[in-house]
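Every read-out reported here was derived from the displayed coordinates using simple, explicitly stated rules and does not represent laboratory data. What you see is a predicted model; the values in this text were computed from it and never measured. In this analysis, Cβ positions are derived from the backbone assuming ideal geometry, glycine residues included, and neighbour counts consider all displayed protein chains.
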Amino acid sequence: MIEKMRFLSITGPKNDFDRVVNKYLTKYDIHLENALTELSTSYNLKPFVEINPYKELITRSEDLVKKLDHVDIATGAMMSAEQAANVINAAYATLSDLNVKKHELKNQRHELNDLLIQIEHFRHLEYDVHKIIDLKFIKFRFGKVPHEFYTRFSKSVYDNLTTVFYECERDRDYVWGVYFVPAVDSVKIDAIYASLHFERVKLPDAYEGTPEESFNSIIAKIAEINIELDGIYAVIKERLNSVADELALAHNTVSILSSNFEVRKLAACTREKGKSDVFYIICGWIAEKDSHALLKEAETDNLVYCVCDDGQLDDDKKPPTKLKNIKLFKPFEMFIKMYGLPAYNEIDPTSFVAITYSIIFGIMFGDVGQGLFLVVGGALLYKLKKMSIAAIISLAGVFSTIFGVLYGSVFGFEDWINPVWLSPRENVMTMLLTAVGFGVFLILIAMFINIVNSIKAKDWGKVLFDTNGVAGLLFYGALITSVVLVFTGHALPGAIIMFIFFAIPLLLIFFKEPLTHIIEKKSRIFPEHKAMFFLESFFELFEVLLSYLTNTISFLRVGAFALSHAAMMGVVMLLSGAGTDSPNLIVIILGNIIVAAMEGLIVGIQVLRLEYYEMFSRFYKGSGKEFKPYKGK
């Protein structure tokens, strides 16, 4: 079901805003709305235009508490904003010398890492870099060249040039190395290398000895810096842990104050010329049961004035949806939210889905042994992980067990217990017809729910003339009744009764649009292009008749999957040699696991498809907005 909502307004002096937010909004579930939008007809309102003063403190405190060991804070514990700021700033100040040293060391490490990247590809050059740099009549260039250009260069150009290329390393894309050239030819040779896509790498004068020696020296320096940084981190943690309780409480305080401050974005202030007093206004939705407690508490608060509507909502107001279901059905709210939450004036289909989903799953997957495993496995997973899907599996497993008893199937063995109802493999037609009959029953319920939803929405045209309204319900009910009478050998009713239950509903569906206009007292009954109206209505009516047939036949899959499960387990029993003196237990166990996993997943998806496309499409819009209380944030 959907909880009944009331629209709430809270007003008081602007300087009392933070106290009210902390006292009421963090205690009661209130879905906040933008006060300026909700009270748009009021001319003397303005938004809050204040900058959050806690942003810098939040940044500092978050950085500090990350370094703390776990600290427990009593729920609701706070200190004053001034105390919290002092604690955070003092803790930050005690680390100033360490932070400066840490910053310097990190910069040094960054520079050394850059050097490593530059020198890494030239480690195999077994020559002192400084000696190369000091050459006067020979120019050198460190760099890289793509493989395809290097191959072309070495085969056709290299022998004709006054240059030497020393290869240091190859990777997937490049050949890394250094080339030497006489100073007098450097301009020409540089141009030739440039045409071969040679990219220069300028090595800074910061190396000692060969590149390999420099590389190892830099690695050692980085290791020393890391050790020094670890020592600084340990001192930082030690200093912060000495004030851990106060610091954690200060962080909790500024977090709450900062979050409370953000409420100003949704609040409004009064503005009147010549008056210094400014009042705030907060608007939102609250559950009716919570509203009484809040109003009672606010009566004793001289600085707060609360107003709640009487529960009679205006047509232009759209309350958020807060689902309220029994604990057994609550996990199925996941399926509802996947499709879309019901609007405030819609029927909550959670209970309907919970019952029908579990029953259909049981019909399609009836086995005592596998069903019990689903019950136990789903319950354990839900207890450990609190996963809604696990609770759904567990409840579906209960009905799998029940239908396993009705089918007389235990781990695929159909001779351990006698079927209470029937064996699917031995009663194929009964199984299929029962599935269709159950589907017809669910479609009729879906039509009835659609009528109730349309009455609540005061959409009388949809109530009376829709394919899932009264007209559709009469036609579909009469059609199913006639089919049953024919198959059971009974005579059909007289022509007048057949006309009333077949022709009149179809005419009402056909003329739905003009009849709705008459009820709504619109000036134009028929659309401007009447010929197009009749043509569109004819094809729409044909589609409606076809949908009645296809939707009904769609439930054959319920019986078909029950037969499929029995057949697959029959194959497992055959392969394992069940019924002989020495059945293969491994095949039986593996077969049960494979069938349960594969078919359980497929059946779960197929049942959800039936819920969404064969039933939800008849009565459910899912256009509601979720109830999101500030307290939850």
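Table for the structure above
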| item | result |
| --- | --- |
| Debye log10 I(q)/I(0) for the stretch 420-554, one point scatterer per Cα, at q = 0.09 Å⁻¹ | -0.35 |
| Counted charge near ARG200, where neighbours are those whose Cβ lies closer than 14 Å (Asp, Glu -1; Lys, Arg +1) | +2 |
| Placed amide H near ILE30: partners under 5 Å, 5+ positions off or other chain | TYR630, LYS631 |
| FRET efficiency, ALA495 to TYR339 (Cβ-Cβ, R0 56 Å, nearest 0.05) | 0.85 |
| Taking the stretch 330-619 and dividing mean pair separation by its residue count, relative contact order in percent (alpha carbons under 8 Å, at least six apart) | 22 |
| For HIS529, HIS292, order by how many other beta-carbon atoms lie within 10 Å, fewest first | HIS529, HIS292 |
| For the chain, the longest site-free run once GluC sites (Glu not before Pro) in DSSP loop states with at most 12 other Cβ atoms within 10 Å are removed | 300-519 |
| Unit Cα scatterers, Debye sum, the stretch 330-619: log10 I(q)/I(0) for q = 0.09, 0.10, 0.14 Å⁻¹ | -0.56, -0.66, -1.05 |
| Neighbour-limited loop hits for chymotrypsin sites (Phe, Trp or Tyr not before Pro), the stretch 15-69 (at most 10 other Cβ within 10 Å; DSSP other than H, G, I, E, B) | TYR43 |
| Under the Debye formula (equal points on every Cα, no solvent term), log10 I(q)/I(0) of the stretch 505-633 at q = 0.12, 0.20 Å⁻¹ | -0.77, -1.15 |
| Estimated FRET transfer efficiency when R0 is 51 angstrom, pair LEU135-HIS110 (beta carbons, to 0.05) | 0.95 |
| Whichever lysines have a C-alpha closer than 20 Å to that of LYS221, once near sequence neighbours (fewer than 8 apart) are set aside | LYS101, LYS102, LYS106 |
| Relative contact order (%) - the stretch 227-365, alpha-carbon pairs under 8 angstrom, separation at least six | 11 |
| Percentage, to the nearest whole number, of Cα pairs in the stretch 123-202 over 14 Å apart | 62 |
| Extended-chain gain in nm, criterion 0.36 nm per residue less alpha-carbon gap, ASN52 and VAL571 | 179.9 nm |
| Estimated 222 nm signal from helices in the chain, with DSSP H stretches of n ≥ 4 weighted -39500 (n - 2.57), rounded to 500 | -17500 deg cm²/dmol |
| Sorted by Cβ density within 10 Å, fewest first, the residues ARG170, ARG6 | ARG170, ARG6 |
| Radius 14 Å from Cβ of PHE365, net charge of other residues (Lys, Arg +1; Asp, Glu -1) | -1 |
| Hits among lysines - C-alpha to C-alpha of LYS188 under 16 Å, sequence gap 8 or more where chains match | LYS139 |
| Cα-centre dipole for the chain with unit charges at Cβ (Lys and Arg positive, Asp and Glu negative), debye to 20 | 1460 |
| Residue exposure sequence - HIS124, HIS70, HIS565, HIS517 - by fewest surrounding Cβ within 10 Å | HIS70, HIS124, HIS517, HIS565 |
| Sites SER42 and ALA293, calculated FRET efficiency, Cβ-Cβ separation with R0 30 Å, nearest 0.05 | 0.60 |
| Projected label distance in nm at ILE602 and VAL307, using a 7 Å step from Cα toward the beta-carbon | 6.2 |
| Rg and Dmax [Cα atoms of the chain; Å; Rg one decimal, Dmax integer] | 38.8, 118 |
| Inter-probe distance in nm under a simple model that places probes 7 Å from Cα toward Cβ, at ILE389 and TYR233 | 3.6 |
| Mean Cα-pair separation over length for the chain, i.e. relative contact order, pairs under 8 Å, 6 or more apart, % | 20 |
